[in-house]
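Derivation of every value follows stated rules applied to the coordinates shown; laboratory data play no part. Source: prediction; values computed, not measured. Cβ placement follows ideal geometry from the backbone for every residue including glycine, while neighbour counts extend to all protein chains displayed.
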Amino acid sequence: MQNKWKKLILPGFIIALGVFLRLYKYETWFAYGHDYDLLGWFVKDVVVNGHFRLIGQETSTPGIFIGPLFYYYQVLFYLVFSLNPIGGVFGVLLLSIFSVWSFYYVFRQMFSLRVGTVAMFFSAVSYYMVSNDREVFPTMPVILWSVWFLYTIFLLLKGKQTGYFVAGILIGLIWHMNMALIIVLPLLLLAILFSKQKVQWKNVFIGFVLATVLSLPLVLFEIRHGGVQTRAFLTSLTTNQGGVIEGTYRYEKVLISMGNNLKSMLLGPLISVNYRLVLVLLFGVWVMVFIRKNLESKLLGLLFVWFILYLLFFANYSKVMSEYYINGSLIVFLTPLFVILGKFKNRWLFLVMVTFVSLNVVSFLTQKVEPKGYVEKRDLINFIKADAQEHNYSCVAISYITNPGYERGYRYLYWYQGLKVLTPISGAPVYSIVFPLAIVDRIDTRFGSLGLIFPDYSKYDPKDVEKSCSGEDSNLTDPMHGFVQ
């Protein structure tokens with residue numbers, strides 16, 4: 001029994017370290033923005049309005065929505081925190097703990113306890129992983145999904161029938177995270193073919209049922225709305241979405257994203273390294289594990305196909321690509337690296353881990369976070385509410401002196417903090433929120449990087465204000481970009 005507990009000490013310490021990094025200044029660094037408004041609007045619609053929703057927010061591709069699973073999951077944490085959006089932070093914290101454990105479990109099962117511990121340590125401390133795990137977004141678990149997809153391929157290659165069950169769950173989760181994950185599904189068929197094992201159709205059917213159950217909101221939505229998302233998805237693949245790049249640079253843009261993400265994963269932002277060097281070194285690790293036969297050739301081949309699928313798809317996809325789109329491919333490079341590190345002698349592995357921790361933890365703890373997030377917005381809105389009450393205003397109007405897009409990310413906080421907000425043309429007293437501060441000559445007060453200009457109190461007659469405030473709350477009735485009733 002004592003030996004069993006001793007074996008849990010190191011994994012327990014690693015998880016505790018990961019939790020510390022993910023909760024460090026969690027409120028101060030909570031970068032509350034428009035996506036959090038959309039999450040809050042979903043929660044409010046379900047909890048307050050009693051609506052059962054089949055979709056989450058609309059993606060940047062018109063007509064395509066994210067599935068609702070992540071949003072329903074977050075409802076639980078919002079309820080625990082009395083609908084305070086800070087509850088969402090603890091929702092993703094629980095997911096991140098599961099992610100750290102998943103790295104340990106999957107790589108231990110596939111290779112060894114030593115490799116599993118290396119992978120676990122990496123996932124707990126990596127600057128990129130910690131930053132990703134602090135984001136309260138539906139796309140946050142994509143890396144976690146890719147770890148389990150890797151394990152599914154491993155199971156199928158070994159002829160393990162449980163692989164069909166895990167595959168069904170992962171397929172059903174795709175719409176709830178990122179539709180781009182579809183592009184790696186051919187790897188499942190290749191793994192089954194390479195295994196040369198007889199397919200147990202009963203287990204395939206169970207996997208199909210699991211995928212169908214998790215995709216049921218999508219099926220119901222498409223039936224109700226005439227396949228609108230299916231059409232939008234096909235249209236997105238066949239029309240120019242403004243990101244067409246000609247020539248070989250379209251491939252280079254994908255490699256740049258991969259290299260930059262991997263550099264951030266391994267070294268953090270402290271050291272400036274060209275993405276080409278990062279990729280060359282990691283491809284060198286691939287060659288090393290191939291020559292030394294540290295990885296089964298079939299698995300290594302499927303990892304290479306995984307890389308090629310991502311490269312070809314995003315090189316030819318016409319949409320402007322954000323770097324997080326590539327997150328589902330990063331495990332392809334990390335797997336050989338973890339295996340090689342697991343072969344290092346103790347003193348060399350210790351040196352690598354100390355260097356890794358130093359670079360990543362120092363990068364994280366010393367990063368500069370502009371004070372324009374949750375705390376600043378909360379305090380600003382509380383100030384407006386108190387000032388309005390002092391002047392007997394039953395509502396206010398808000399104008400935004402800012403660059404396009406930065407006027408978003410306030411509306412759920414207005415509602416949560418009980419502030420009735422109208423448009424500036426309503427006749428209600430106008431408070432102006434300023435960001436960045438340099439675009440105006442003066443402000444009356446500030447909250448971090450957010451400035452506030454008070455109304456011209458003398459021009460507002462109490463009776464006129466009361467009349468203006470008698471109408472509907474525009475904050476609740478106006479449409480919100482990305483949210484569909």
Item to complete: Report, in whole Å, the centroid distance computed from the Cα atoms of region 457-479 and region 363-434.
Response: 16 Å
Worksheet entry | Neighbour-count ranking [beta-carbon atoms within 10 angstrom, fewest first] of V142, V199 | V199, V142
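With a cut-off of 8 Å between alpha carbons and a minimum separation of six or more residues, what is the relative contact order of region 374-477 in percent?
On the way: 160 pairs, mean separation 32.7, N = 104.
After rounding, I find 31 percent.
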Item to complete: Treating the angle as unsigned and between 0 and 90°, give the value, to the nearest 10°, between the Cα long axis of helix 331-342 and the longest Cα principal axis of the chain.
Response: 60 degrees
Worksheet item: How large is the helix-only mean residue ellipticity at 222 nm for the chain, computed as the sum of -39500 (n - 2.57) over DSSP H runs with n ≥ 4, divided by its residue count, in deg cm²/dmol to the nearest 500?
Response: -19000 deg cm²/dmol
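Based only on other Cβ atoms within 10 Å, what is the fewest-to-most ordering of E222, E27? All intermediate terms of the calculation are to be shown ahead of the outcome.
Numbers: E222 16, E27 12.
Least to most surrounded, the residues fall as E27, E222.
If r is the Cβ-Cβ distance from I291 to E252 and R0 is 35 Å, what FRET efficiency results, to the nearest 0.05? Could the numbers behind the result be given before it?
Working: r = 28 Å, r/R0 = 0.79.
Efficiency for this residue pair is about 0.80.
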Response to the item:
The alpha-carbon center of region 85-123 and that of region 149-207 are separated, in whole Å, by 21 Å
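Could you pull out the chymotrypsin sites (Phe, Trp or Tyr not before Pro) across region 269-357 that fall in loop regions by DSSP (anything but H, G, I, E, B) with no more than 15 other Cβ atoms inside 10 Å? Each step should come with its number before you reach the end.
Details: sites: Y275, F283, W286, F290, F304, W306, F307, Y310, F313, F314, Y317, Y324, Y325, F333, F338, F344, W348, F350, F356; in loops: Y317, F344.
In loop regions of region 269-357 (DSSP not H, G, I, E or B), the sparsely surrounded chymotrypsin sites (Phe, Trp or Tyr not before Pro) are F344.
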Practice prompt. Work out the P(r) tail for the chain: percent of alpha carbon pairs separated by more than 41 Å, whole number.
Written response: 26 percent
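Applying 1/(1 + (r/R0)^6) with R0 = 35 Å to the Cβ-Cβ distance of S82 and S358, what FRET efficiency is obtained, to the nearest 0.05? Intermediate results must be reported in sequence, preceding the final value.
On the way: r = 40 Å, r/R0 = 1.14.
E between S82 and S358, to the nearest 0.05, is 0.30.
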Discussion item. Under 5 Å between amide hydrogens, which residues at least 5 positions from K372 or on another chain qualify, with H placed 1.01 Å from N in the peptide plane?
Written reply: S449
Worksheet item: For helix 162-173, what angle does its Cα long axis make with the longest principal axis of the chain, in degrees from 0 to 90 and rounded to 10?
Response: 20 degrees
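Please report the projected area of region 261-303's Cα convex hull averaged over all directions, in nm².
So the mean shadow area of the Cα hull is 3.4 nm².
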Worksheet item: Among 382-394, 125-137, 97-109, how do they line up from the highest to the lowest mean number of other beta-carbon atoms within 10 Å?
Response: 125-137, 97-109, 382-394
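Starting from the Cα-Cα distance between K196 and V484, subtract it from 0.36 nm times their residue separation and give me the gain in nm to one decimal.
Numbers: separation 288, 0.36 × 288 = 103.68 nm, distance 4.71 nm.
Answer, rounded to one decimal: 99.0 nm.
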Practice prompt. List the chymotrypsin sites (Phe, Trp or Tyr not before Pro) within region 33-65 that fall in a DSSP loop (any state other than H, G, I, E or B) and whose Cβ has at most 10 other Cβ atoms within 10 Å.
Written response: F52
Worksheet item: What is the helix-to-structure angle for 346-365, meaning the angle in degrees between its Cα long axis and the longest Cα principal axis of the chain, kept from 0 to 90 and rounded to the nearest 10?
Response: 10 degrees
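What shape does region 374-477 take by its C-alpha gyration tensor, where a ≥ b ≥ c are the square roots of the eigenvalues and a/c under 1.5 counts as rounded, a/b above b/c as prolate, and the rest as oblate? Can you show the working numbers first?
Details: a/c = 1.67, a/b = 1.38, b/c = 1.21.
Judged from the Cα gyration tensor, region 374-477 comes out prolate (a/c at least 1.5, a/b above b/c).
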Fill in: Other-chain or far-sequence residues with amide H under 5 Å of S399's (modelled H)
Y431, S432, I433
